[in-house]
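Provided herewith is a single structure, encoded as structure tokens, for subsequent inquiry.
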Amino acid sequence: MSLLSDLVNLNLSESTEKIIAEYIWIGGSGLDLRSKARTLPGPVTDPAKLPKWNYDGSSTDQAPGDNSEVILHPQAIFKDPFRRGKNILVICDAYTPAGEPIPTNKRFNAAKIFSHPDVVAEEPWYGIEQEYTLLQKDTKWPLGWPIGGFPGPQGPYYCGAGADKAFGRDIVDSHYKACLYAGINISGINAEVMPGQWEFQVGPTVGIAAGDQLWAARYILERITEIAGVVLSLDPKPIQGDWNGAGAHANYSTKSMRNDGGIDVIKKAIEKLSLRHKEHIAAYGKGNERRLTGLHETADIHTFSWGVANRGASVRIGRDTEKAGKGYFEDRRPASNMDPYIVTSMIAETTILSK
């Protein structure tokens with residue numbers, strides 16, 4: 001095994017100019033991540049200079065068998081924390097051979113919204129809090145939980161420390177450092193309220209980069225849990241009963257919100273969100289009705305609400321923002337399995353483009 005480890009960690013730059021690029025895309029479920037690698041003649045830092053590639057869409061539930069070719073368009077580059085050196089991870093979106101975005105390509109429409117002049121002028125910032133649950137591989141039961149049983153009630157686990165409170169910290173810290181190495185603007189991590197559940201935050205990021213970076217961070221986490229022999233779950237309510245669900249709260253601001261008097265802009269934006277509550281809920285992740293019950297720090301899925309420092313509201317304004325009269329707000333409705341391209345662009349569309 002030591003020889004295998006040595007080979008995996010070979011430094012290619014000592015013997016060749018060539019690099020390895022891992023092309024990553026979203027599969028047919030809209031949540032599964034797929035990837036494959038190719039050799040390039042030398043380092044690349046601009047995704048526009050990367051070659052397009054193709055894959056068998058019939059094997060990812062994205063194309064019929066008699067017309068299975070799907071084309072990958074490179075969109076964002078990150079350093080590869082697994083192969084290291086000058087090797088890269090490449091976030092791609094997917095198109096038909098005729099150049100049309102396939103149905104699961106949610107980046108295409110998001111990029112159109114983020115390139116609108118009114119949106120560009122407002123420089124929308126995002127900070128996404130990605131919650132997730134680590135599961136034991138063979139039982140699909142949360143990490144650290146007794147098989148077929150339950151741990152003690154919630155209370156000591158949130159931001160907790162100790163072998164009886166924090167389960168999977170080695171995975172979490174590995175992911176944290178790998179994301180920083182990759183160039184992802186990961187801003188923090190913490191243990192969550194339910195044991196075996198954790199959170200990482202990505203941001204602040206601007207526009208379409210929020211989606212690119214969150215998908216890259218999810219991919220890296222999938223790879224690390226693969227190495228650790230643990231299953232990653234983004235289910236918004238993995239365990240029924242008196243246990244917290246998993247969300248992906250979206251913190252958001254525009255230039256107008258960050259300027260003096262921005263609190264009024266924030267309140268107008270929240271009013272716009274209230275008018276499209278049903279449309280947003282429909283796009284904020286599958287199974288979210290199991291999470292948004294009005295319990296466990298959530299608002300009821302059917303009712304829009306907002307408040308200052310209220311974690312039981314649909315949208316929360318922080319005390320610092322209220323005091324400063326400017327800043328950001330938090331949309332607490334998105335589920336952990338949401339597509340960040342959909343959520344970020346929809347928030348921008350509703351708050352900036354809708355009149």
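Please calculate how many Å² of accessible area the chain carries per residue, with a 1.4 Å probe and no DNA, RNA or ligand atoms counted.
I get 46 Å² per residue for the chain.
Here's another thing I want to ask about it. Apply the Kirkwood formula to the chain: the hydrodynamic radius equals the inverse of the mean of 1/r over all pairs of different alpha-carbon atoms; give it in Å with one decimal.
Taking the inverse mean of 1/r over all distinct Cα pairs, the chain comes out at 21.5 Å.
Further question on the same structure: Tally Lys/Arg at +1 and Asp/Glu at -1 over every other residue whose Cβ is under 11 Å from the Cβ of Ala63; what's the total?
Combined, the nearby Lys, Arg, Asp and Glu give -4.
Which lysines have a Cα less than 24 Å from the Cα of Lys36, not counting those fewer than 8 places away in the same chain?
Lys18, Lys49, Lys52, Lys79, Lys86, Lys106, Lys137, Lys177
Check which residues have an amide H placed less than 5 Å from Val308's amide H, if you skip close sequence neighbours.
It is Ile317, by chain and number.
Determine, from the Cβ-Cβ distance of Lys267 and Asp173 and an R0 of 35 Å, the FRET efficiency 1/(1 + (r/R0)^6), rounded to the nearest 0.05.
The value I calculate is 0.35.
Quick one: grab Rg to one decimal and Dmax as a whole number for region 138-276, Cα atoms only, in Å.
Values for region 138-276 (Cα only, Rg and Dmax): 17.7, 54 Å.
Given H placed 1.01 Å from N in the peptide plane, which residues other than close sequence neighbours of Leu143 have an amide H under 5 Å from its amide H?
Counting only residues 5 or more places away or on other chains, the set is Leu134, Leu135, Gln136.
Between region 45-76 and region 168-232, how many Å separate their Cα centres?
Centre-to-centre (Cα) distance: 25 Å.
On the protein heavy atoms, probe 1.4 angstrom, tell me the percent of accessible surface of the chain carried by carbon and sulfur.
Exposed carbon and sulfur together represent 53 percent of the surface.
Taking only C-alpha pairs under 8 Å that are 6+ residues apart, what is the relative contact order of region 296-346 in percent?
It comes to 25 percent, rounded to a whole number.
Grab the eigenvalues of the alpha-carbon gyration tensor for region 305-355, scale each by 5, take roots, and send me the semi-axes largest first in whole angstrom.
21, 15, 9
Further question: Taking a temperature of 37 °C and a viscosity of 0.692 mPa s, what whole-number D in µm²/s does Stokes-Einstein yield for region 152-230 with Rh from Kirkwood over alpha carbon pairs? The partial results should precede the final answer.
On the way: Rh = 13.3 Å.
Answer, rounded: 248 µm²/s.
Per residue of the chain, what 222 nm ellipticity follows from adding -39500 (n - 2.57) for every DSSP H run with n ≥ 4, rounded to the nearest 500?
My calculation for the chain gives -7500 deg cm²/dmol from helical runs alone.
Give me a comma-separated list of calculated 3J(HN,Hα) values for region 73-89, in order, Karplus coefficients 6.51, -1.76, 1.60 applied at θ = phi - 60°, integers in Hz, x for any Gly or Pro.
3J(HN,Hα) across region 73-89, in whole Hz: 10, x, 10, 8, 10, 10, 5, 8, x, 8, 8, 6, x, 9, 6, 9, 9.
Return the long-range amide H neighbours of Ala76 (sequence gap of 5 or more, or a different chain), with a cut-off of under 5 Å between placed amide H atoms.
It is Ile91, by chain and number.
Follow-up question, since we're still on this one. So for the chain, averaging the separation of alpha carbon pairs under 8 Å that are six or more residues apart and normalising by length, what relative contact order in percent results?
Taking the mean separation of contacting Cα pairs over the length of the chain, I get 16 percent.
Could you derive backbone 3J(HN,Hα) for region 21-34 from the dihedral phi with the Karplus parameters 6.51, -1.76 and 1.60 (θ = phi - 60°), listing whole Hz in sequence and x where the residue is Gly or Pro?
So the Karplus estimates, Gly and Pro as x, are 10, 9, 7, 10, 8, 8, x, x, 6, x, 10, 6, 9, 10 Hz.
Another question, if that's okay. Two decimals is fine: what is log10 I(q)/I(0) at q = 0.19, 0.28 Å⁻¹ for region 112-183, from a Debye sum with one equal scatterer on every Cα and no solvent?
The Cα Debye sum returns log10 ratios of -0.91, -1.33.
Another question about this same structure. What base-10 log of the normalised intensity I(q)/I(0) is obtained for region 205-245 from the Debye formula, alpha carbons as equal point scatterers, at q = 0.18, 0.19, 0.29 Å⁻¹?
Treating every Cα as an identical point scatterer, log10 I(q)/I(0) equals -0.69, -0.73, -0.90.
Right, next: Under a Cβ-only charge scheme (Lys and Arg +1, Asp and Glu -1), can you give me the dipole magnitude of the chain about the Cα centre, in debye to the nearest 20? Provide the component values of the computation, followed by the final result.
Numbers: 39 positive and 42 negative charges, 89 e Å.
The calculated dipole for the chain is roughly 420 debye.
At q = 0.10, 0.12, 0.16, 0.21 Å⁻¹, what log₁₀ I(q)/I(0) does a Debye calculation on the Cα points of region 9-88 give, no solvent, two decimals?
-0.28, -0.40, -0.66, -0.97
Here's another thing I want to ask about it. Which values, in whole Å and largest first, are the semi-axes of the equivalent ellipsoid of region 65-223 obtained as the square root of 5 times each eigenvalue of the Cα gyration tensor?
They are 34, 20, 16 Å, listed from largest to smallest.
The values are calculated or read from the model by the stated rules, or taken from the named source; none is laboratory data. Keep in mind that this is a model prediction, so the values were computed, not measured. Please note: Cβ atoms are built from the backbone with ideal geometry, for glycine as well, and neighbour counts cover all protein chains shown. Just so you know, the surface numbers come from the protein's heavy atoms only, side chains and all, with ligands and any DNA or RNA stripped out. Shrake-Rupley method; radii C 1.70, N 1.55, O 1.52, S 1.80 Å.
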